[in-house]
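One structure is given here, and the rest of the page talks about it.
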Amino acid sequence: MPRTRLYRNGVLEAEGFPIANVSDHLAEEGTVVWFDLCEPTAADLASISEELGLHPLAVEDAVGDRQRPKLDHYATHLFLNAYSIELDTKTGALKTSEVAAFITRRALVTVRKDRSFDIDAVVGRWDEEQSLAGSGVAFLVHGLLDYIVDTHFDAIQQLDTEIEALEDDLFSERVKDLPMQKRTFELRKSLVNARRVVVPMREVVNTVMRRDLPFVDANVAPYFQDVYDHVLRATEWTDSLRDLIGNIHDTHLTLRGNRLNVIMKQVTSWAAIIAIPTAVSGFYGQNVPYPGFARHSGFITSSAITLVAVVALYMMFKKKGWL
């Protein structure tokens, strides 16, 4: 069943009808139509391009992959490109799902670049906000942007939680350097990818709010302001997390250096302690006469010197905190 919807005067009248019937519904007064295309080809978009007056450049961007988040203004329509994101907490990798949309006065056409974009969640937003349906296409655009920005906010919140876990591991008694370095790298990479899709949304939503667009009325404008506030919070959050994960990386390297210095002091201290019995036994192992040579008292004397010197060095190093 195709993903289509027809609103008439703010009331959901039909859904699941063939896309071929869209032109007939648009010819009727008071109607607003939404339909969804998943992984369409240029030929698929060509069939609706002429009818909706879509610009060739917008059609080209809708078919191409990895477009930057943006809102382009054409004579007969707007073209929106954005990404929903999701963080895999096990691997720390960030998954993005690209979606494009053509926005006219009475129609919204969503173009999903892959099936991972949850269009059902967008439809759920529309069902929860039926009171805004009287605003026409603006109501549909708000639901789409609201879902996209919420995925950004959720992913950034999860990144914050994972980075806080890194902070806890940073000062644990037994730090596993390699796993922590890999985790830090993955989260840092995911944060960079998140910023690439989150930060441009500020300009996208701001354009919808500030530009004199015919489909945005006073009824739905405060809801776009709420979405804009979420975008600002997510953007500021990514900035703080970028600084935080950079500090974690620097602190980790500093702590590793400090731990290495402690280990070097301990090894050096034990080497000094071991050097005493080596020196004494070497001295008493000479083939020349010395006090106690070839006598039982010589063994006792060398053992006492070794024991006293070793204990004295151990106590001195312990007092200095080297052991």
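Each reported figure results from applying straightforward, stated rules to the coordinates on display, with no laboratory input. Keep in mind it's a predicted model, so treat the numbers as computed, not measured. Methodologically, a virtual Cβ is constructed for each residue, glycine included, from the backbone with ideal geometry; neighbour enumeration extends over all protein chains shown.
Quick look at the values:
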read-out: Computed [θ] at 222 nm, deg cm²/dmol, the chain (DSSP H ≥ 4; -39,500 (n - 2.57); rounded to nearest 500); value: -21000 deg cm²/dmol
read-out: Gyration tensor verdict on the stretch 104-182 (Cα atoms; rounded if a/c is under 1.5, prolate if a/b is larger than b/c, oblate otherwise); value: prolate
read-out: Rounded to 5, percent antiparallel among DSSP beta bridges of the chain; value: 80 percent
read-out: Contour minus Cα-Cα distance for Leu260 and Ala121 (0.36 nm per residue); value: 44.9 nm
read-out: Extension gain, Thr91 back to Lys320 (0.36 nm per residue minus Cα-Cα distance, nm); value: 78.1 nm
read-out: Distance from the stretch 132-147 to the stretch 212-232 (C-alpha centre basis), Å; value: 10 Å
read-out: Rounded to 10°, Cα long-axis angle of helix 296-320 versus longest principal axis of the chain; value: 30 degrees
read-out: The chain: angle of helix 221-284 to the longest principal axis, Cα-based, in degrees nearest 10; value: 10 degrees
read-out: Inter-site label distance for Glu51 and Thr207 at 7 Å from Cα along Cβ, in nm; value: 2.6 nm
read-out: P(r), alpha carbons of the chain - 10 Å bins starting at zero, rounded %; value: 5, 20, 21, 13, 9, 7, 6, 6, 5, 4, 3, 1, 0
read-out: Restraint check, Lys95/Lys189; Lys182/Lys265; Lys265/Lys318; Lys70/Lys90; Lys113/Lys182, Cα-Cα greater than 22 Å; value: Lys182/Lys265; Lys70/Lys90; Lys113/Lys182
read-out: Cβ-derived FRET efficiency at R0 56 Å, Glu164 paired with Ile274, nearest 0.05; value: 0.80
